[in-house]
Amino acid sequence: MDESGHMMRLVSVNVGLPREVTWKGKTVTTGIFKSPVGGPVALQRHNLEGDRQADLSVHGGPTKAVYVYPTRHYDFWRGELGDSELAWGSFGENFTVDGMDEETVCIGDEFRVGSARVVVTEPRMPCFKLGIRFGRADMVKRFLKSQRTGFYFGVVEEGLVQAGDHLEQVAEHPDGLRVADVTRLYTTERTNEALLRKAISVVVLPESWRGYFEHQLERLRE
């Protein structure tokens, strides 16, 4: 449960293999198309069984094993995109979750789900493939502006997960850097020195982010 007593639940587990699509006259391979699966799925160190990412330089791996998206954002997007039928997995997420979001989870928080254990690592930064998924070139900009980025889990312990499983918080990271704080530093709070310093000091935050924020801090001092 989170602090307000809501149950945190894994509503849908979504996987998909890369497929080729045509976008702006070019053939692109993308793994963003995910569909819900029933029954237990093995959560492995780098991804879910039956799931593949097309571009491993920016997806998958230890800090991006599982992409998580909150159910509550679906209402917002159904309105924004005029699509009342938006199915779970539409944002390319592996886990669609209820009772947790970018404002309530912190980088380094750990959760037990099924027989696995996961850790919050970073927000999702959208790439052009999100535009392909929705057939709209402005989707990346809209996604970032909405601040409804979702976030990634790294896998601390492998195990089996399935839709309907509860997420139980087993460790709260002492630094209290929310996923939303990281996104804000990238978008609207680029000059917030105190928050930049805080983010840089959170060792669990991937090095790429910390390096980026160090650079931002240096530029403020110029």
- Message: Please go through the stretch 179-219 and give me each residue that is under 20 Å from Pro62 (Cβ atoms), of a type in the set (Val, Ile, Thr) and assigned to a helix (DSSP H, G or I), ordered by number.
- Response: Val179, Val182
- Return yes or no: is Arg133 more than 16 Å from Glu49 (Cα to Cα), touching a His at 6+ places or on another chain (Cβ under 8 Å) and among the basic types (Lys, Arg)? no
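Residues checked against (1) without any contact (Cβ under 8 Å) to a residue 60 or more places away in the chain; (2) over 17 Å from the mean Cα position of the chain (by Cα):
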residue: Arg136; (1), (2): yes, yes
residue: Arg142; (1), (2): no, no
residue: Arg148; (1), (2): no, no
residue: Leu160; (1), (2): no, yes
residue: Gly164; (1), (2): no, yes
residue: Asp175; (1), (2): no, yes
residue: Thr183; (1), (2): no, no
- Message: Need pairs with beta-carbon distance below 8 Å; first residue among the acidic types (Asp, Glu) and within the stretch 30-47, second crowded, with 19+ Cβ neighbours inside 10 Å and in a strand (DSSP E or B); sequence gap 6+ or separate chains.
- Response: none
- Message: Six or more apart or on different chains, Cβ atoms under 8 Å: show the pairs whose first residue is in the stretch 193-215 and surrounded by 12 or more Cβ atoms within 10 Å (Cβ to Cβ) and whose second is in a helix (DSSP H, G or I) and polar (S, T, N, Q).
- Response: Leu196/Gln216
- Message: Among the residues of the stretch 116-133, are any β-branched (Val, Ile, Thr), closer than 19 Å to Thr188 by Cα and at pLDDT below 95?
- Response: no
- Within the stretch 1-32, the count of residues that are of a type in the set (D, E, K, R), at pLDDT 85 or above and more than 18 Å from the chain's Cα centre (by Cα) comes to 4
- If you take the residues of the stretch 57-99 that are touching a residue at least 40 places away in the same chain (Cβ under 8 Å) and closer than 17 Å to Val204 by Cβ, which of them is surrounded by the fewest Cβ atoms within 10 Å (Cβ to Cβ)? Pro62
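How many residues are closer than 15 Å to Leu130 by Cβ and at pLDDT 85 or above if we restrict to the stretch 33-54?
Kept after step one, since they are closer than 15 Å to Leu130 by Cβ, are these residues of the stretch 33-54: 33-34, 53-54.
After this cut, where a residue has to be at pLDDT 85 or above as well, the list is 33-34.
So the answer is 2.
The values are calculated or read from the model by the stated rules, or taken from the named source; none is laboratory data. Because the structure is predicted, anything quoted here is derived from the model rather than measured. Don't worry about glycine lacking a Cβ; one is built from the backbone with ideal geometry, like all the others, and counts go over all protein chains shown.
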